[in-house]
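In what follows, a structure is listed as structure tokens, so that the remarks can point back to it.
Derivation of every value follows stated rules applied to the coordinates shown; laboratory data play no part. Every value quoted in this text rests on a predicted model; they were computed, and no experiment measured them. Counting neighbours? That spans all protein chains shown, and the Cβs are built from the backbone with ideal geometry, glycine included.
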Amino acid sequence: MVIFIVMLKVIIFALCLGAVVSILILVPTFIYTIPYTLWVGHENLVGRQKDKCKESIFSAAKNATKLYKSWITRQKPTI
């Protein structure tokens with residue numbers, strides 16, 4: 001009986017730890033990519049950047065960094 005209680009506690013701890021890690025990593029990444037996602041949506045309406053519709057959040061973060069760099073340096077984005 002004791003082993004089942006210990007296993008239950010370990011499973012609950014692992015679930016809580018997974019939830020905390022996902023919140024600490026994915027929520028800031030999501031907030032970081034919001035302006036990039038809005039820009040891609042606007043570009044899709046105009047007819048450009050059609051290949052960026054279905055990309056993962058991590059590749060969107062990589063491309064968001066390139067876009068923000070181009071905005072800061074006042075250059076045309078090369079994504």
Next item on the list: Using only Cα atoms, tell me the angle between helix 57-72 and the longest principal axis of the chain; keep it within 0 to 90° and round to the nearest 10.
Entry: 40
Margin query: Neighbour counts of other C-beta atoms within 10 Å: give me Lys66, Lys9, Lys76 arranged from fewest to most.
Written below: Lys76, Lys9, Lys66
Item checked: Mean Cα-pair separation over length for the chain, i.e. relative contact order, pairs under 8 Å, 6 or more apart, % -> 24
Item checked: Cα-based helix-to-principal-axis angle, 2-46 vs the chain, degrees rounded to 10 -> 10
Check: Whole number please: convex hull volume per residue of the Cα set in the stretch 2-72, in Å³?
Finding: 97
Check: Separation between the Leu38 and Leu17 pseudo-spin-labels, each 7 Å from Cα along Cα→Cβ, expressed in nm?
Finding: 3.8
Margin query: Run lengths n ≥ 4 of DSSP H only: what is the helix-derived mean residue ellipticity at 222 nm for the chain, with -39500 (n - 2.57) per run over all residues, to the nearest 500?
Written below: -28000 deg cm²/dmol
Note to self: Run the simple label-point estimate for Thr65 and Leu24 please: 7 Å along Cα→C-beta, distance reported in nm.
What the structure shows: 2.0
Note to self: Going by average Cβ density within 10 Å per residue, which order do the peptides 37-46, 21-30 take, highest to lowest?
What the structure shows: 37-46, 21-30
